[in-house]
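All remarks here apply to the structure that follows.
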Amino acid sequence: MEQYLIAALLGIVEGLTEFLPVSSTGHLILFGDMLGMRERLGPSFDVFIVMIQLGAVLAVVVHFWRRIWETIVGLPSDPKARRFAGLVLAAFLPAIVLGGLFGSTIAELLFSPAVVGTTLIIGGILILVIEALCKSPRYHSVDDVPLKTGLGIGFCQALAMVPGTSRSGATIMGGMLLGLDRQLAAEFSFFLAMPTMAAAFAYDAYKSRDLLDWGDAGIIAVGFVTAFFAALLVVRPFLAIVGRIGFAPFAYYRVALGTLVLVLLFL
């Protein structure tokens, strides 16, 4: 029973942090180590992380279902739908290519609390700098964003292979640097999460098929479901907060948490 409670807690952590620029993977690594889940699952822990992240992404599918459905239905005849799909695809490609080439090596070498603490601090400082620099956005609607800008955002997203960087944080800050306003950058990060996390799930599930223990299926299911409902509660308020006050609070949180992690590790 204790393992299911820990899985539920990690699912809540994932759902609350997946779309905030604070690194859900970093939080899962830290909490997973603290609560003994990494030791319990062994090599399957990384698969557990990816699978419950898919639960959070499913919440975005529910939230943006109308736009997704309109795009799917409009692909054969609507240039606007095809352009939107092409933009998401362009932003998705760098992550799938670079992830396939370097993802396993990065996971093997960098999935540690020390790396997470360091990248949390660096990312927090970068958020403050980018917020200060990007005062005059050029794009306020996803329909105006050029394909080359989407590709650039995709390369920014690929930086999130390093734990603690934050996929959403890298995507949002990259979008702002390339001319998107705050809220549009956040929304585009949500759209981009869907194919990216689905691909990560499929890749990790296939790669780790021999490591998966079906006895852990219940634990993964609990984390998946709790991540879904926690993320469902976060999406709308996050967009409202971003529109009003920006990302500075998340930056200060990152720096504080990263500093705490490094101090505890040093002690």
Quick one: compute the contact order of the chain, relative version, from alpha carbon pairs under 8 angstrom and 6+ residues apart, as a percent. 39
At what distance in nm do the modelled label points of residue 66 and residue 147 sit from each other, each positioned 7 Å from its Cα along Cα→Cβ? 2.9
Computed about the Cα centre, the charge dipole of the chain from +1 Lys/Arg and -1 Asp/Glu charges at the Cβ has a magnitude in debye, to the nearest 20, of 820
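Given +1 on the Cβ of Lys and Arg, -1 on the Cβ of Asp and Glu, and no further charges, what dipole in debye does the range 42-142 carry about its Cα centre, rounded to the nearest 20?
Working: 7 positive and 5 negative charges, 109 e Å.
Once rounded to the nearest 20, the dipole reads 520 debye.
Residue 240: net charge of surrounding residues, Cβ under 14 Å, Lys/Arg +1, Asp/Glu -1, itself excluded? Mind showing how you got there, number by number?
Values: positive: 182, 236, 244; negative: 187.
Net local charge, residue 240 excluded: +2.
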Considering only 126, 64, 102, whose Cα is most displaced toward the positive end of the charge dipole of the range 23-157, charges sitting on Cβ of Lys, Arg (+1) and Asp, Glu (-1)? 64
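Given a cut-off of under 8 Å on Cα pairs at least six residues apart, what relative contact order in percent is computed for the range 155-210?
Values: 32 pairs, mean separation 12.7, N = 56.
Across the range 155-210, relative contact order equals 23 percent.
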By the scheme Lys and Arg +1, Asp and Glu -1, what is the net charge of all other residues having a beta-carbon under 15 Å from that of residue 58? -2
Of the residues 259, 227, 201, the Cα lying farthest along the dipole of the range 133-267 towards its positive end, which is defined by charges on the beta carbon of Lys, Arg, Asp and Glu, belongs to 259
Taking the chain and counting helices only, DSSP H stretches of n ≥ 4 at -39,500 (n - 2.57) each over all residues, the nearest-500 ellipticity at 222 nm comes to -26500 deg cm²/dmol
Dipole of the range 1-131, positive direction: furthest Cα of 87, 75, 50, with charges on the beta-carbon: 75
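Every read-out reported here was derived from the displayed coordinates using simple, explicitly stated rules and does not represent laboratory data. Computed from a predicted model, the values in this text were never measured in an experiment. No Cβ is skipped: glycine too gets one built from the backbone with ideal geometry, and neighbour counts run over all protein chains shown.
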